[in-house]
1. What does the charge count around Asp48 come to, taking other residues whose C-beta lies under 11 Å from its C-beta (Lys +1, Arg +1, Asp -1, Glu -1)?
2. Summing +1 for each Lys or Arg and -1 for each Asp or Glu, what net charge is found among the other residues whose Cβ lies under 12 Å from the Cβ of Leu23?
3. Please list, or write none, the lysines whose alpha carbon is within less than 21 Å of the alpha carbon of Lys21, excluding same-chain residues fewer than 8 places away.
4. Filter the chymotrypsin sites (Phe, Trp or Tyr not before Pro) in the chain to those in DSSP coil with at most 16 other Cβ atoms within 10 Å of their Cβ, and list the result.
5. Which trypsin sites (Lys or Arg not before Pro) in the chain sit in a loop by DSSP (not H, G, I, E or B) and have at most 10 other Cβ atoms within 10 Å of their own Cβ?
6. Rg and Dmax of the chain, using alpha carbons, in Å: what are they?
7. Taking GluC sites (Glu not before Pro) as exposed when DSSP calls them loop (any state but H, G, I, E, B) and at most 14 other Cβ atoms lie within 10 Å, what is the longest stretch of the chain free of them, the sites themselves excluded?
Amino acid sequence: MVNEEFKVYIEDTEGNVVVDKTLKSQANGFIDLWLPRDRTYNAKIEYDGKSVESEISTFKGDNTCITTMQLM
């Protein structure tokens, strides 16, 4: 999904909101997002009435490119 706008909401495990904004996907279809290291987050992405929620983390050895979140 190229150049589309997605509602992105991310909070840490303590409930602190880290991201709460609309982000546009790039020409390659990815959303470029940087999060602080060594933490776990709950992420929710919404688009056109569909959404996906997932726990993601930024510890050493974690994936830096997440391709498993699928809008339903």
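Readers should treat all values here as calculations from the given coordinates under stated rules, not as data from a laboratory. Just so we're clear, the structure is a prediction, and the values are computed from it rather than from any experiment. When we count neighbours, we look across all protein chains shown, and the Cβ atoms used for this are built from the backbone with ideal geometry, even at glycine.
1. Combined, the nearby Lys, Arg, Asp and Glu give -1.
2. Summing Lys and Arg as +1 and Asp and Glu as -1 gives -2.
3. Within the straight-line limit of under 21 Å, Lys21 reaches these lysines: Lys7, Lys44, Lys50.
4. The qualifying sites are Phe30, Trp34, Phe59.
5. When the trypsin sites (Lys or Arg not before Pro) of the chain are filtered for loop state and at most 10 Cβ neighbours within 10 Å, Arg37, Lys60 remain.
6. Here Rg and the maximum Cα pair distance are 12.0, 34 Å.
7. Answer - 15-72.
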